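One structure is given here, and the rest of the page talks about it.
The values are calculated or read from the model by the stated rules, or taken from the named source; none is laboratory data. Remember, predicted model here, so these are calculated numbers, not experimental data. When we count neighbours, we look across all protein chains shown, and the Cβ atoms used for this are built from the backbone with ideal geometry, even at glycine.
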Amino acid sequence: MAGLLYLQMPHFALTRNCSALWSEHAIISSTIADYVIEAGNGSEDETNREVYIVYMGAAKDSLRDDHAYVLNSVLTRNEKALVRNYKYGFSGFAARLTKEEANSLVHEPGVVSVFPDPILKLHTTRSWDFLKAQSTPLKSHSPNRASNTAPSSDIVIGILDSGIWPESPSFSDKGMGPVPSRWKGTCMKSFDFNSSNCNRKIIGARYYHDPEGDTVYATPRDKDGHGTHVASTAAGVTVPGVSYYGLAAGNAQSGSPESRLAIYKVCFKYDCPGSAVLAAFDDAIADGVDVISLSVGSFAVFRSELKSDPIAIGAFHAVERGILVVASAGNNGPSLNTVVNDAPWIFSVVASSIDRDFKSNLVLGDNKVIKGEALNFSPLSNSPKYPLIYGESAKAKDARLADARQCFPGSFSKRLVKGKIVICDGKDHSYATSIKVGAVQEVSGVGVIHITDPIGGTEREDFGDFAVTEISSKDADIIFQYVNSTSKPVVTILPTVSTIDFKPSPIMPSFSAKGPSALSKNILKPDIAAPGVNILAAWTGNYTEGVPKHKQPSQFNILSGTSMACPHVSGLAATIKSQNPTWTASAIKSAIMTTDMKSTISSSPIFFNVATQKNNLKAPITTETGSIATPYDYGAGQMTLYGPFHPGLVYESSTIDYLNYLCYVGLNITMVKIISRSVPNNFNCPKDLSSHHISNINYPSIAISDLEGKKVVQVTRIVTNIGEDETIYSPLIDAPNGIKVNLIPNKLHFTKNNKKLSYQVIFSITSTVLTEDLFGSITWSNGKYIVRSPFVIAKS
């Protein structure tokens, strides 16, 4: 989680225009105007200040008295302390405080938590065609994802990211109707952005600039490209005939081309202050967004308790208002326990590959072609005429042989490398491939052959004009045989070509975060996998880094990360919401999770998939290393496009579920009532606060963490029928060896639409001890719909 990343923030103070005068006893007016930032006075007290977030729970219709009192007590001591005030979706503020001042606020009435402002990070087209190919279309329903006049024109996706490049063709509003009358957002002006940059597609744009930062970032305009890429993946219009300098050619598509976009720029140079993220949540709730898409998060090693995590806090209040929050789960894989943004009210998304790959073969002097994989625009001749040398043979006099073999910086003799293509051993990962390539470039080498055993279809780094390819150890042996057979080995590296229908796909890439959740092993995280490898989407128009010679900057770029996976789910969710406006956020989440990757042939009599995690070879999805993937890798599975529109049954998590969760993680009833705006009068924290009760939250998946100690664990689930009025569902249980699963009842008989029925799942252990976490699933079917819930039994 984010709160343990304690970085010293830039020192600036703040004053503001306000409709009420500041005084020791004033109740602060709820009509607060824009902030006015001023430089600090440089005093010793000012130097010791940093930004703290003071979180005070739910907001009311007017500024809470305790919020006003605590804020006023801060401003009385330093009228320039306030950085941001949160008052729409929740209560609190961010202020420049000394450590002593922050500690003094912890026990003030109404204060839930006080914590340093963390710096979060961005989690940095064929993907939709691949999802179509992997999804079995409904016989009675194929959602319209191409027209700008569909009902989803009134659905608004809030993008919390690095801003927007409004001139991109992906954000054309041609054919779209008027901006929804309910919309309350704004289009903030800046030195390079004005109201005309918003349209009927981009209907809102805000920024939350660090006043001590570079003023070029004081604008909703995207300077980094990440936010533009994410926004166009979620809700860009279809743009025909696009590519990245000829690669990945096709139509740029999105999950919800009919939806509107509201942009909240919270990231600057890839840093995203938690105080800015909270301010964006606060505004997005007030503006009236329907879905929030957040490709931002902490590093897995920096975790805090729930009440000190800006994303968990903001998402809780958004979900409480009926807004679905979709977030990237992080890029800290392949280790376990690396998933972030894993609170149960957040839809946590990991990345999977698609069936597109990028090939850059090499040709030896004997005309033998070796398969390579990379992303480059090599200007080298297609004829093998460039001298070839192994890294260790080009060692500088004072360098280590092993360093030169690995192409480490400073290990080469320029005399030996100049004009040659260098073979680099990739076994040691102390340096990234780009650093090794830079080491060769620095001594005038003309190309790199990197031995890394690449996995087809996985992430490809862009090396621009420099000739780089990655090959397998097996093919490296062929190259070395050739090198040893001639006194003057030569080679060339061919420019990249893109291929499709790569098998197997999808693959779970090594960078994608893995479960289980560090918050609780009794909630299965991540939730879902979506395309996040080599994704083509819109880009800023002035980005010149890596542009091939004699080319103009591309309007589209190829990126990888859970950042790219997240907007795939956000866009799909927006389209589902548009066609099912009464569905709750948790119902939409359930529909996507319980109808994942297809594994049947299209002629099956069932409307759509059997919901097992299969690739396009009809074999189990694997990780990048080739091992069988588990729900810790992909959650409920790879998202599918058609099934979620008619899921049959849904699991709806209620406010009570989330309130109970707050109790289970250690908050008392007094604190819970401060945090939530919708606590029933008769609600109390359960008497038994054992963490294993978290398993009873009405989630679409099930996780059990103490079966060994208890021998038998029972959990309850409630499903809502959103299919036919009269129908009967029967179960199919896939239990691992050593685990017995019973269902009570073993039939679900619905007599009307929207009826809710509960069932109990009784897990018992038949082994004396669990040596590893075990996985299985419970699938309900009425012969037409299939509703699958994965489960995990975690070892003690």
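What to note about this one:
- Of residues in the range 43-53 being in contact with a Ser or Thr (Cβ under 8 Å, 6 or more places away or on another chain) and not in a loop (DSSP other than H, G, I, E, B), the one modelled with the lowest pLDDT: D45
- Any hit, the range 362-377, residues being part of a loop (DSSP other than H, G, I, E, B), crowded, with 24+ Cβ neighbours inside 10 Å, modelled with pLDDT under 95 and not assigned by TED's automatic domain parsing to the domain that holds I523: yes
- Matching residues, the range 203-227, being at pLDDT 85 or above, more than 12 Å from C267 (Cα to Cα) and of a type outside the set (A, V, I, L, M): G204
- Unique match (being within 21 Å of K589 (Cα to Cα), assigned by TED's automatic domain parsing to the domain that holds Q555 and in a strand (DSSP E or B)) among A537, A530, A513: A530
- Any hit, the range 384-397, residues being more than 28 Å from S560 (Cα to Cα), in the same structural domain as F466 (by TED's automatic domain parsing), hydroxyl-bearing (S, T, Y) and under 41 Å from the mean Cα position of the chain (by Cα): yes
- Residue match in the range 268-288 (condition: small (G, A, S), crowded, with 24+ Cβ neighbours inside 10 Å, closer than 23 Å to S172 by Cα and in the same structural domain as E167 (by TED's automatic domain parsing)): yes
- Yes/no for T751 being loosely packed, with under 12 Cβ neighbours inside 10 Å, within 13 Å of E726 (Cα to Cα) and not assigned by TED's automatic domain parsing to the domain that holds W583: yes
- When the range 184-227 is filtered for residues that are more than 29 Å from S560 (Cβ to Cβ), within 27 Å of the chain's Cα centre (by Cα) and of a type in the set (D, E), nothing remains.
- In summary, strands (runs of 3 or more DSSP E) completely within the range 711-796 and bearing 1 or more residues that are more than 32 Å from the chain's Cα centre (by Cα) and not hydroxyl-bearing (S, T, Y) occur at 712-721, 727-734, 739-744, 748-750, 756-765.
- Positions within the range 684-697 being crowded, with 17+ Cβ neighbours inside 10 Å, among the hydrophobic types (A, V, I, L, M, F, W, C) and more than 27 Å from the chain's Cα centre (by Cα), in sequence order: C685
- Odd one out for N681, checked against (1) out of contact with any helix residue (DSSP H, G or I) (no Cβ under 8 Å at 6 or more places or on another chain); (2) under 30 Å from A59 (Cα atoms); (3) at pLDDT 95 or above: (3)
- Qualifying residue in the range 64-76 (condition: crowded, with 19+ Cβ neighbours inside 10 Å and within 22 Å of F316 (Cα to Cα)): yes
- Residue match in the range 335-356 (condition: assigned to a strand (DSSP E or B), under 32 Å from the mean Cα position of the chain (by Cα) and among the basic types (K, R)): no
- Test: S701 is crowded, with 21+ Cβ neighbours inside 10 Å, touching a helix residue (DSSP H, G or I) at 6+ places or on another chain (Cβ under 8 Å) and modelled with pLDDT of 95 or more: yes
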